[in-house]
Ligand SMILES: [Zn+2]
């Protein structure tokens with residue numbers, strides 16, 4: 001059992017969130033700090049995710065750390081039937097920290113219970129992906145100058161989209177106002193609406209992606225609507241275009257509005273949005289490296305050098 | 001105790017435990033949770049007995065067997081109304097309601113097939129709450145299940 005692991009955004013409060021965001025800001029200002037010199041990080045991707053793995057491995061490399069690991073369970077001993085526990089215990093003999101992604105929900109939590117070295121959850125099925133949440137928060141704070149009192153519209157698949165669920169959980173400390181925009185079959189689950197009510201958070205649910213919602217927002221958080229979420233293929237064809245953002249829809253939006261998307265996108269953001277200065281999704285992905293540098297150094301209890309500036 | 005039916009049922013036991021006011025639908029799950037399926041002691045199980053507030057209820061009487069609080073509190077998951085009577089020398093020496101432990105380990109199966117606990121040889125673990133009804137939340141995947149629907153391992 002260990003306490004420096006980072007498994008779920010639910011586990012941390014406002015002070016820890018802000019300490020991690022401040023740390024990420026340090027790494028944005030000092031991208032090549034050699035703070036992981038002599039440290040070995042294991043990236044265990046039991047489920048492939050090239051995007052997330054590259055981001056974590058970039059974070060480690062830029063900090064001067066070294067990496068062992070695998071990018072697909074088919075190449076690991078898991079394919080020979082080894083338990084997760086045995087794999088984690090074996091790797092813990094070699095590495096100072098484990099970054100793991102797994103298709104089973106709760107896998108990272110369980111890993112923290114069988115080793116003393118810190119474990120960073122890089123996604124466990126539909127459950128949690130806390131480094132994504134941290135980079136979303138970092139992107140919001142950086143573009144808006146604050147996290148408090150923002151109007152955040154979330155669009156698309158609010159039912160299965162773990163990024164929007166975690167973002168609702170994390171923003172509960174910051175008095176947000178939410179506009180949940182989705183088709184009725186992909187509504188925000190009741191447990192997150194309840195979380196809003198329990199925290200006195202104002203929200204509205206709507207199925208039309210209208211200009212008034214966009215114009216009222218500080219952040220427009222777009223998500224992928226995936227075909228496999230629909231039992232009825234016709235319904236998917238009808239819905240997928242209702243939640244597509246086009247550049248002309250941003251005409252009357254706030255100058256400070258920023259459009260976020262966890263990527264990869266399919267067709268929910270039209271290509272003509274990319275050149276709009278309000279499009280922030282590519283920078284958002286770059287912020288992922290800073291957020292992951294913050295998470296890894298924090299999990300290893302590495303103090304930041306004093307900033308001379 | 002008065003000479004009601006419950007008293008008569010209890011009186012048949014010299015030493016042991018009587019667990020009463022179990023919802024009828026939960027009776028056999030309670031037997032399993034208490035590990036009584038293979039007991040060699042004298043065991044009496046009654047079910048679908050008339051009960052004022054439960055409608056019908058079940059009752060378990062087991063001779064020469066006593067449970068720690070930890071063990072009988074586990075049946076609060078499926079039978080929060082249960083009452084445990086400890087019998088010594090034909091007397092009820094203790095009578096108490098079960099109370100739901102904050103954490104339930106190793107007795108309930110997670111309903112989520114994609115949960116690590118269903119795919120790895122490990123103990124399950126749930127955080128329990130009982131307002132208004134017993135609800136269990138998986139420590140690993142965070143899925144919730146109502147106590148009355150919980151599948152006992
Ligand atoms: Zn579970």
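Please treat every number below as a calculation from the coordinates, not as lab data. In this text, all values refer to a predicted model and were calculated from it rather than measured experimentally. Cβ coordinates were reconstructed from backbone atoms using ideal geometry, including for glycine residues, and neighbour counts include every protein chain displayed.
Regarding the stretch A:131-285, what are the three Cα extents along the principal axes, ordered largest first, in Å?
Projected onto the principal axes, the Cα atoms of the stretch A:131-285 cover 41, 37, 30 Å.
Can you give the Kirkwood hydrodynamic radius of the stretch A:26-162 from its Cα pairs, in Å with one decimal?
Kirkwood radius, the stretch A:26-162: 16.4 Å.
When A:114, A:168, A:60 are ordered from fewest to most other Cβ atoms inside 10 Å of their Cβ, what list results? Present the calculation step by step, with values, prior to reporting the outcome.
Working: A:114 18, A:168 27, A:60 22.
Least to most surrounded, the residues fall as A:114, A:60, A:168.
Compute the FRET efficiency between residue B:130 and residue A:286 as 1/(1 + (r/R0)^6), taking r as their Cβ-Cβ distance and R0 = 35 Å, and round to the nearest 0.05.
It comes to 0.15.
What is the spin-label model distance, in nm, from residue A:194 to residue A:28 if the labels are put 7 Å beyond Cα along the C-beta direction?
Here the modelled spin labels are 3.6 nm apart.
Just how far, in whole angstrom, is the stretch A:153-215 from the stretch A:78-126 if you go by their alpha carbon centroids?
A separation of 31 Å, based on Cα centres.
Could you check the spin-label model distance between residue B:24 and residue A:72? Points 7 Å from the Cα along Cα→Cβ, value in nm.
My value for the distance between the label points is 5.7 nm.
Sorted from fewest to most neighbouring beta carbons within 10 Å, what does the list A:178, A:45 look like?
A:45, A:178
Please compute the Cα-Cα pair-distance distribution of chain B with 10 Å bins starting at 0, giving whole percents from short to long.
Bins of 10 Å from zero give 11, 39, 32, 14, 4, 0 percent of pairs.
Arrange A:72, B:69 by Cβ neighbour counts within 10 Å, fewest through most, would you?
The order, fewest Cβ neighbours first, is B:69, A:72.
Using Cα pairs under 8 angstrom and six or more residues apart, how large is the relative contact order of chain A, in percent?
Normalised by residue count, the contact order of chain A is 21 percent.
Can you give the Rg to Rh ratio of the stretch A:152-232, both from alpha-carbon atoms, with Rh computed by the Kirkwood formula?
Rg/Rh for the stretch A:152-232 comes to 0.95.
Using the C-alpha gyration tensor of chain A, what are the square roots of 5 times its eigenvalues, in whole angstrom, with the largest one first?
33, 23, 18
How far is it, in nm, from the label point at residue A:4 to the one at residue B:123 when both lie 7 Å from their Cα along the line to the Cβ?
2.7
Quote the convex hull volume per residue of the stretch B:16-97, based on C-alpha atoms, as a whole number of Å³.
On the way: hull volume 7.1 nm³, N = 82.
About 87 Å³ per residue, rounded to a whole number.
Say we join alpha carbon atoms closer than 10 Å with springs in a Gaussian network model of chain A; which of A:248, A:32, A:218 then has the biggest fluctuation?
Taking springs between Cα atoms under 10 Å, the residue moving most is A:248.
What Kirkwood Rh does the stretch B:103-152 have if only Cα atoms enter the pairwise 1/r average? Answer in Å.
10.7 Å is the Kirkwood radius here.
For the stretch A:10-95, compute the orientation-averaged projected area of the C-alpha convex hull (one quarter of its surface), in nm².
Average of the hull's projected areas for the stretch A:10-95 equals 6.9 nm².
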